[in-house]
Amino acid sequence: MKENQNKTNELDGVRISPHFKLNEFLNLKKYPENIPTMQVVANLTYGCHLLLEPARQIVGPIIINSGFRNETVNRRVGGVKNSQHLLGQAADIRPQDPAQFQRLVEFLKANALTDQLLTAKTWLHLSWNPFAQPRHYIRLGYYG
């Protein structure tokens, strides 16, 4: 437990892009064991720079509801076994200003680097893949 606390302290405040910190994607207060590998950090950094930062320029601040999940956390939250969250290649997000939600969806729909976009009423699941051609799989209203 103390080792996890030390890791949590090390990761606190680590910036992976101009407007996003690594700990926003980890939820270490609730899941202190959710420590990413360097590859996961690289994958999250890729998503921030190529999708989230450009989206933030369009809609303003973006809130990360969920980002990286290790296998234990993914099981606890009911994530699918092959979730891109496990790789640091996905985030569930929402704009800070709810009035900007549709604008965020439209921006991500049009972005060629979007691998997957699944929407709910007030949040969306976004994924990216630094190692493959994006599928550009879009399902509006996917989460009832």
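Of note:
- A straight line joining the Cα centroids of the stretch 9-68 and the stretch 90-144 runs 16 Å.
- Applying the Kirkwood pairwise sum to the alpha-carbon positions of the stretch 64-144 produces a hydrodynamic radius of 13.0 angstrom.
- Dimensionless Rg ratio for the chain, taking C-alpha atoms and the 2.2 N^0.38 Å reference: 1.00
- Accessible surface area normalised per residue over the chain is 55 Å², counting heavy atoms of protein chains with a 1.4 Å rolling probe.
- Overall, the chain carries a charge dipole of about 320 debye about its Cα centre when +1 sits on the Cβ of Lys and Arg and -1 on the Cβ of Asp and Glu, all other atoms neutral.
- Set of aspartates and glutamates with alpha-carbon distance to Lys81 below 12 Å, sequence-local pairs under 8 removed: Glu71
- Tensor-based shape of the stretch 56-95 (alpha-carbon gyration tensor, a/c under 1.5 rounded, otherwise prolate or oblate): prolate
- Fraction of accessible area attributable to carbon and sulfur, the chain (%, probe 1.4 Å): 52 percent
- Ordering Leu28, Val73, Ala91 by Cα displacement along the dipole of the chain toward the positive end leaves Val73 in first place; charges were set at the Cβ atoms of Lys, Arg (+1) and Asp, Glu (-1).
- Working from Cα pairs under 8 Å separated by at least six residues, relative contact order for the chain is 19 percent.
The values are calculated or read from the model by the stated rules, or taken from the named source; none is laboratory data. Being a predicted model, the structure only gives us computed values, none of them experimental. A quick note on method: Cβ atoms are made from the backbone with ideal geometry, for glycine too, and the neighbour counts reach across all protein chains shown. SASA here: full protein model, heavy atoms, side chains in, ligands and nucleic acids out. Shrake-Rupley method; radii C 1.70, N 1.55, O 1.52, S 1.80 Å.
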